[in-house]
Every structure is written in structure tokens, then in C-alpha cells.
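Report on the following structure.
The values are calculated or read from the model by the stated rules, or taken from the named source; none is laboratory data. Just so we're clear, the structure is a prediction, and the values are computed from it rather than from any experiment. As a convention, Cβ positions derive from the backbone with ideal geometry for all residues, glycine included, and neighbour counts pool all protein chains shown.
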Amino acid sequence: MWFFVIVLYVGLSFVGAMLFPPFLICLYMTEGNLNTCSIGLWGNGYKDDNDPCEDRKWKQELTDAQAQCYLDRYSDLETAFGSNLCKAKIHWENYGIFEGRNSDC
């Protein structure tokens with residue numbers, strides 16, 4: 001009986017991955033960022049979103065001027081982060097790019 005349950009579970013897992021490949025593609029493209037791929041429903045066990053800016057490996061780093069423009073353009077971010085450019089850069093990389101936000105002045 002348990003053998004059947006295990007085989008069924010593994011089989012359904014494989015079928016699910018084949019029926020919904022965008023999730024697997026997203027995981028590959030974002031280097032395992034579950035938070036991005038699952039629309040924020042999962043925590044990300046691969047990267048700490050609060051890593052300091054100096055030690056962080058950026059995919060698309062904003063300059064300080066771009067980060068300030070990003071804060072100035074979006075009042076919700078300015079309210080949340082104040083003048084903290086590091087938090088603005090982290091938000092841009094984790095959410096802003098995928099939300100279609102603009103960092104240009």
C-alpha cells in the first residue's frame with residue numbers, strides 16, 4: 001500500500017512539473033528565488049533579501065542617482081524606505097523590475 005502511495009506521489013510531482021513548466025523556468029532564471037516565482041507566497045531560502053548593499057551580488061545594480069530617482073518617482077517607496085538608497089536598490093532588484101517600475105529620472 002505504501003509503495004503505491006509513494007509511486008503515485010512521485011508520479012504526480014513529475015506530471016505537475018511537466019504541466020506547469022513556467023515555474024521551473026522561473027526558478028532557473030531567478031537562481032532559485034522562490035519568493036519571486038511564487039508571487040511572494042514562499043520565503044526565499046537561497047538569498048537573504050536584507051543582505052547589506054556592500055556585500056551583495058547584484059543582477060542589475062542601480063547607481064545611487066538611479067536609486068534616488070526610483071524613490072522620488074514612487075511615493076509608496078519613499079514612505080516605506082525614506083531616503084535609504086540601499087533598501088531602494090534591494091526593492092528594485094527583488095520587486096521593482098518584475099512590477100515594471102521605472103528607475104529613470
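Couple of notes before you dig in:
- Filter result for Tyr95 (surrounded by 18 or more Cβ atoms within 10 Å (Cβ to Cβ) and at pLDDT 80 or above): no
- Matching residues in the stretch 21-78 - criterion: being acidic (Asp, Glu), over 15 Å from Glu93 (Cα atoms) and modelled with pLDDT under 75: none
- If you go through the stretch 51-88 and keep only what is part of a helix (DSSP H, G or I), touching a residue at least 12 places away in the same chain (Cβ under 8 Å) and crowded, with 16+ Cβ neighbours inside 10 Å, you end up with Gln66, Ala67, Gln68, Cys69, Tyr70, Leu71, Leu77, Leu85, Cys86, Ala88.
- Residue among Ser83, Ser103 that is under 24 Å from Cys26 (Cα atoms) and at pLDDT below 90: Ser103
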